Amino acid sequence: MAGHSKWSKIKRQKAVTDKAKGKLFSKLGREIAVAAREGGGDPDFNPRLRTAIDNAKSQRMPADNIDRAVRRGTGDLPGASFEEVTHEGYAPGGAALYLECLTDNPRRTLAELRHLLDKRGGNLGQSGSVAWMFERKGQILVPADEWGEDAALDAALEAGAENFESEDGMYVVTTTAPDFHDVLGALRDAGVPVEEAELAMVPSNTVKLEGRDAEKVLAVLHALDEHDDVLKVNTNVDLEEAEGADWEAP
């Protein structure tokens with residue numbers, strides 16, 4: 001389960017430039033707009049929207065940007081209509097990829113992702129080719145320097161969490177998909193600080209890659225994350241080894 005949160009950590013470390021922040025805000029805005037479109041613009045009655053807004057705030061997305069995204073989703077402001085699509089495939093070394101996308105042109109996105117992976121030694125697969133390797137789980141990241149481990153563990157277990165791990169200065173609270181919003185709400189009600197929270201496709205098993213294979217996988221993950229239409233990159237590669245590899249962004 002730790003692989004997904006490890007990639008989130010690597011992304012946070014890389015997203016330090018204004019350009020990277022702008023791209024991140026664009027993706028967060030799409031998620032907010034889709035959540036508002038699907039469940040309404042009031043976060044008090046739309047758990048998905050509340051989570052999307054909280055994540056945007058944790059990334060210091062300006063309040064005006066958040067408000068515009070909500071209003072685009074509800075139709076109060078004009079804007080492109082985005083569709084949720086998923087794509088599955090493999091990175092170099094046999095690492096599985098499950099990509100969650102928001103796009104206004106699914107055919108274009110498919111063609112661009114196929115080209116991106118082919119160019120870097122990966123490939124797209126058929127629907128269902130890797131989905132069986134993943135399970136939808138809630139993952140909630142709590143900064144360890146802001147909350148004691150025993151207190152965080154007690155709050156997570158009392159809220160109904162499925163698993164609790166300490167990793168790289170974070171507590172990773174894992175939930176079942178149906179319990180995600182209830183656990184997240186209970187943690188917030190208990191005053192536990194949440195840095196990031198999302199429903200993610202978590203691998204049931206991971207593969208270890210080292211050396212050049214690890215470098216290639218990190219480059220592919222970064223390129224996919226840079227793509228405007230890719231909202232979430234889920235992989236089964238063990239990033240404990242890959243994190244320290246030398247790599248270059250495409």
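The values are calculated or read from the model by the stated rules, or taken from the named source; none is laboratory data. Remember, it's a predicted structure, so these values are computed and weren't measured experimentally. Cβ atoms come from the backbone with ideal geometry, glycine included; neighbour counts cover every protein chain shown. For accessibility, only protein heavy atoms count, side chains too; no ligands or nucleic acids. Shrake-Rupley method; radii C 1.70, N 1.55, O 1.52, S 1.80 Å.
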Theoretical gain in end-to-end length, ASN65 to ASP42 [0.36 nm per residue, Cα-Cα removed]: 6.7 nm
Mean residue ellipticity (222 nm) of the chain, computed from DSSP H runs ≥ 4 via -39,500 (n - 2.57), nearest 500: -14500 deg cm²/dmol
Separation of the ALA190 and GLU162 label points, Cα + 7 Å toward Cβ, nm: 1.8 nm
Relative contact order %, the chain, counting alpha carbon pairs below 8 Å whose residues are six or more apart: 23 percent
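Over the stretch 28-79, what is the mean sequence separation of C-alpha contacts under 8 Å (at least six apart), divided by residue count, expressed as relative contact order in percent?
46 percent
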Accessible area of the chain divided out per residue, in Å², using a probe of 1.4 angstrom: 48 Å²
The stretch 111-234: relative contact order in percent, alpha carbon pairs under 8 Å with at least 6 residues between: 30 percent
Accessible carbon and sulfur surface of the chain relative to its total accessible area, %, 1.4 Å: 46 percent
Gained length - ARG136 relative to ARG212, 0.36 nm times residue gap less alpha-carbon distance: 24.4 nm
Computed label-point distance, nm, for sites GLU112 and VAL85 using a 7 Å Cα→Cβ extension: 1.1 nm
Stokes-Einstein D for the chain, Kirkwood Rh over Cα pairs, 10 °C, 1.306 mPa s (µm²/s): 85 µm²/s
Rough spin-label spacing in nm, given labels placed 7 Å along Cα→Cβ, for THR176 and ASP76: 3.7 nm
Calculated FRET value between GLU149 and SER58, using beta carbons and R₀ = 25 Å, to 0.05: 0.75
Farthest toward positive dipole pole in the chain [+1 Lys/Arg, -1 Asp/Glu at C-beta], among GLN126, GLY89, LEU110: LEU110
Those residues of the stretch 60-86 whose amide nitrogen sits under 17 Å from the label point placed on SER26, 7 Å along Cα→Cβ: 61-62, 65-66, 69, 79-83
